[in-house]
Amino acid sequence: MTATRFSTLGLKRKALTAPRRISLGGRVAVVAVGLALAFAILGVVGDGSANVAASDAVLKLVAEPGAFVGDADGSANGVVGWRRADLEPSGGRNVATSVRGRAVYSAEKRAVELENARFELPTPQAFRESTAWTLVAVAEVRGPLSIGVLSSRDAAVPLVQLDVDENDRFRFIVRDVKGATVKTCVPAPYREPVFVAAVFETLDGKSRVRLTVGNETVESDATSLTFPVWGEKIQVGGLDFPGASFSWNGAISEVSLFNGAASQAEVERLRDALTQKYALDLSPTPGPQTPDSWDVLATPRFDGTTDRELEADVCVVGAGSAGCAAAISAARAGANVVLVERQKRLGGTGTNAFVSNWEGGPGDEIARELFDRMKADGGAGVAKEYPHQIQAPAGFKMVDDAEPYENSLVRANPPEGGYRSVAFLPDAFDKAVREMLAETGRVEILDETTFFQAERSADGARVESVLARTLNGFVVRVKADVFIDSTGDVFLCRAVGCETFVGVDPKSRFGEIGAPDDAKSQLNAITRCYLIEPRDKAKREIVAPSEQTTFPKCAYITGWLDGPRTVNMLPTLPGAALLELGYDECLRRSERIVRNHWSWLQSRPGFENYELVEIAPMLGIRESYRVRTRYVLVEADLAAGWNAQKHDDMIAVADHPCDIHGEGGTLSSVKTAYGVPFRCLIPEPGPRNLLVACRGAGFSKIAASSCRLQRTMIQLGNAAGLAAAWAAREGVPVDAVDVGALTEKLDVRSRYPGLR
């Protein structure tokens, strides 16, 4: 076999000019998987042997630049197909024009059959015997799900993929046999095409990987690196073989695999050529260039005359799950309360982001009362898993009126058939909360009113008042004895200078075993949910070609078998999009993604007669800032469980698994329920009349990923409201209330079986 020369790029002959031969039952092949093989695309020429490399390729995937690949339902956005490897790339014909359709993979024969062409795949042993490989690609991620270059979803370890890293930025990753990720630099922004390359070498049983993303390169040693790891459901270059159910979310312009180790100089020449070919911009992406409406703390300081002045015993800022419970609890304890909420509906993400589902897990008496009221109005019920025919990864939990509420109160050790959850309608929750608040006769609700400024006492020991702006621009000042921050993003705590954290905590911060050595800015992914209802003549969601985009073909659907349902499409945007694009732009982009998702879902069995009713007015944000408090709940608390925790101030109980999108923890589940101490609600340092009750309370990132659920937040709000009412009545700081009486009144042990 004559070696191919890389004269056009000036590449050295040493690394890539002598491909290693792999025996495949008498055949000799160089594996080259890609969308327009780089040999031909980059104008590789030689002494008449350039065609040898092309004919030696087992498979070669070609596509128009930027075409989407890997649609799970068999459709293709763009011209994507497999090309005969023994034909010239410029003049060959497509033997299959669909990403799946005519492509048939035989696990027994280890071959792909496309019409009259049959191409064998190399065996795992053949790859293990090879000691050097180089992979290059131009691709972009368009959502939190990864693009598979060479991978197998049913293998113990995924192989090589492009995805969103622990900082929600694009990365090119390889995993070793233990599943650990070989690190790489991540300079490239989300939703922008970028050059990536990986060079693999194995010497004396030890592997080394050199990874290049954009302009940065890192090198990492990894013992027992397997390349690749094959399973029965193989994904090659984004092709979804029958039986695979994962949808790759992104676009690949080119990806090629070479047998040989390229030098860094050769990689850089490939990068320069591909950068020029695709006009790649490898510079960092700046943050939002325009003011963002979500960042209320960016509002210019107000020193004018207010339009209205209010006084209360307790002021609750934010009417999410915790804020609603705090207002109810404080008012029932005798306090006069002002509740400030920027949205039209009360209920936070449950009613405004349409995450209208309580996952299985313990709740308190306020949650139970809310459920009873909603169910009486036909707006809630206990839901269990039902069979579905969506033909994609999906959860399908439908209300069963025979299921009692008690069946939804345990998550850690679910009964046979899976755990039960509570599905509810956003308007039903809003109505129930307003009724409960009105019945106290002690709560003034300032809805559609946005908090933007706080005023502290001269010595900084107290919050004196907060300022909020109504829809018509009027400014309201609220003075109170005690304040509760239930904003989710802890805007009030941040406004008065409390210490906060965001992203992944380093090991040195809380001493967590599962925490990484260094802090990272990773945030959990963002979701935009929507509401659908059955219609006699359902309007079809038709997306114009200019509005089509990629999206994760999966969903978590809750509601009624023959009634309204809420669709949680799972990650819609990575958390980094908030930092790079801003909330307003994320809201705009996510609506387009939602309409594409619904157009797809409406074509699935069981959804033909449903119609889109409303897209959630708010993004479903899983996490942002967290406050340093008197005690911070950590991984060890979750692992120990209630009976082994050494706290005497438990005010809430939870048992949900950790749900971390990205790196930052090894505790994926909890064995039993654990408790949340009252000290997690007291900012430290901070004003003495301020409590925090929301997802931004005193949790590490690992702990927050488990206890941020709505019924847990209701418990936090219940405790904060009661403590705030007592502190206001007795004229003492929030940390001076009788904690023994507080825990006795809350009686958290009764909320979960087996607690001592």
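The values are calculated or read from the model by the stated rules, or taken from the named source; none is laboratory data. Keep in mind that this is a model prediction, so the values were computed, not measured. Cβ sites come from the backbone with ideal geometry, for glycine too, and all protein chains shown count toward neighbours. Calculation scope for accessible area: heavy atoms of the full protein, side chains included, ligands and nucleic acids excluded. Shrake-Rupley method; radii C 1.70, N 1.55, O 1.52, S 1.80 Å.
Listing for the model above:
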{"read-out": "Approximate spin-label separation residue 448-residue 263, in nm, with each point projected 7 Å along Cα-to-Cβ", "value": "6.9"}
{"read-out": "Whole-number D in µm² s⁻¹ for segment 443-489, Kirkwood Cα-pair radius fed into Stokes-Einstein, 10 °C, 1.306 mPa s", "value": "136"}
{"read-out": "Percent of alpha-carbon pairs separated by more than 12 Å within segment 534-574", "value": "73"}
{"read-out": "Percent breakdown of C-alpha pair distances by 10 Å bin, ordered from the shortest bin, for segment 318-378", "value": "20, 51, 28, 1"}
{"read-out": "Rough spin-label spacing in nm, given labels placed 7 Å along Cα→Cβ, for residue 509 and residue 303", "value": "3.5"}
{"read-out": "Exceeding the 20 Å Cα-Cα cut-off - candidates 375/397; 384/537; 397/701; 397/537", "value": "384/537; 397/701; 397/537"}
{"read-out": "Rg(Cα) / (2.2 N^0.38 Å) computed for segment 603-756, rounded to two decimals", "value": "1.19"}
{"read-out": "Unit Cα scatterers, Debye sum, segment 582-656: log10 I(q)/I(0) for q = 0.21, 0.23, 0.24 Å⁻¹", "value": "-0.97, -1.11, -1.18"}
{"read-out": "Burial ranking of peptide ranges 360-373, 451-464 (average Cβ count within 10 Å, highest at the top)", "value": "360-373, 451-464"}
{"read-out": "Translational diffusion coefficient (Stokes-Einstein; Kirkwood radius from C-alpha pairs) of segment 508-657 at 37 °C, 0.692 mPa s, in µm²/s", "value": "177"}
{"read-out": "Diffusion coefficient, µm² s⁻¹, Stokes-Einstein with Kirkwood Rh over alpha-carbon pairs of segment 682-756 at 37 °C and 0.692 mPa s", "value": "243"}
{"read-out": "Full-stretch length increase - residue 292, residue 517 - with 0.36 nm per residue and alpha-carbon distance subtracted", "value": "77.7 nm"}
{"read-out": "Over segment 351-454: Rg over Rh, Cα atoms, Kirkwood Rh", "value": "1.05"}
{"read-out": "Label-point separation, residue 459 to residue 659 (7 Å along Cα→Cβ), nm", "value": "4.4"}
{"read-out": "Estimated FRET transfer efficiency when R0 is 35 angstrom, pair residue 603-residue 215 (beta carbons, to 0.05)", "value": "0.25"}
{"read-out": "Alpha carbon Rg of segment 285-388, scaled by the compact-globule rule 2.2 N^0.38 Å", "value": "1.44"}
{"read-out": "Trypsin sites (Lys or Arg not before Pro) restricted to DSSP loop in segment 470-570 with at most 12 other C-beta within 10 Å", "value": "535, 537, 539, 540"}
{"read-out": "FRET efficiency, residue 592 to residue 281 (Cβ-Cβ, R0 25 Å, nearest 0.05)", "value": "0.65"}
{"read-out": "For segment 406-548, accessible area per residue (1.4 Å probe, heavy atoms of protein chains only), Å²", "value": "44"}
{"read-out": "Separation between Cα centres of segment 373-410 and segment 600-647, rounded to whole Å", "value": "17"}
